[in-house]
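A quick write-up on the structure given underneath.
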Amino acid sequence: MNPPSPPLPPDQPRPTDGYAGDISPQLAWQWVSSEQAVLVDVRSDAERDWVGHVPGALAVVWKQWPGMRLNLDFDAQLRAAVPAGATIVMLCRSGVRSIAAARRATELGLTAYNILEGFEGDPDDNGQRNRKGGWRFHGLPWRQG
């Protein structure tokens, strides 16, 4: 068994296979707010509506609720939403679906990063999110409703 990876410094991307890399929520916000990247939220419409969203994020669903069915129009919607040549940072609930979306974006010839921890972070010992990392946990911009 390999030892766990050291924590990612918030200002450095972590290289990966299959897409540009993993970045912290803080670095993602730095890139987005300085117009070095566009933020693509791949969560379902229901998640964005009920849990909250990042103002200005592009919504391109990877899997749709209910049933979490793959969005068959993802490729076309992503290409239509993202300006040519833009770097993409992908956001989901916990940083899992956004990996798959970043891989697919890379296959389409785009430069895409996964945002670690996602919007809500991992559940704590009580099964509750927003207490162990995530976009909201770090106090980055978001809105409810």
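Some points to look at:
- Where strands (runs of 3 or more DSSP E) fall wholly inside segment 8-93, the ranges with 2 or more residues that are surrounded by 13 or more Cβ atoms within 10 Å (Cβ to Cβ) and either without any contact (Cβ under 8 Å) to a residue 24 or more places away in the chain or out of contact with any Lys or Arg (no Cβ under 7 Å at 6 or more places or on another chain) (or both) are 38-41, 87-91.
- Top-ranked residue of segment 68-85 - restricted to ones that are in contact with a helix residue (DSSP H, G or I) (Cβ under 9 Å, 6 or more places away or on another chain) and not hydrophobic (A, V, I, L, M, F, W, C), ranked as nearest to residue 32 (Cα to Cα): 75
- Residues located in segment 95-116, provided they are on the phi > 0 side of the Ramachandran plot and either in a helix (DSSP H, G or I) or modelled with pLDDT under 95 (or both): 95
- Members of segment 86-101 found to be closer than 9 Å to residue 42 by Cβ and touching a helix residue (DSSP H, G or I) at 6+ places or on another chain (Cβ under 8 Å), listed by number: 90, 91, 92, 101
The values are calculated or read from the model by the stated rules, or taken from the named source; none is laboratory data. In this text the structure is predicted, and so the values were computed from the model without any measurement. As a convention, Cβ positions derive from the backbone with ideal geometry for all residues, glycine included, and neighbour counts pool all protein chains shown.
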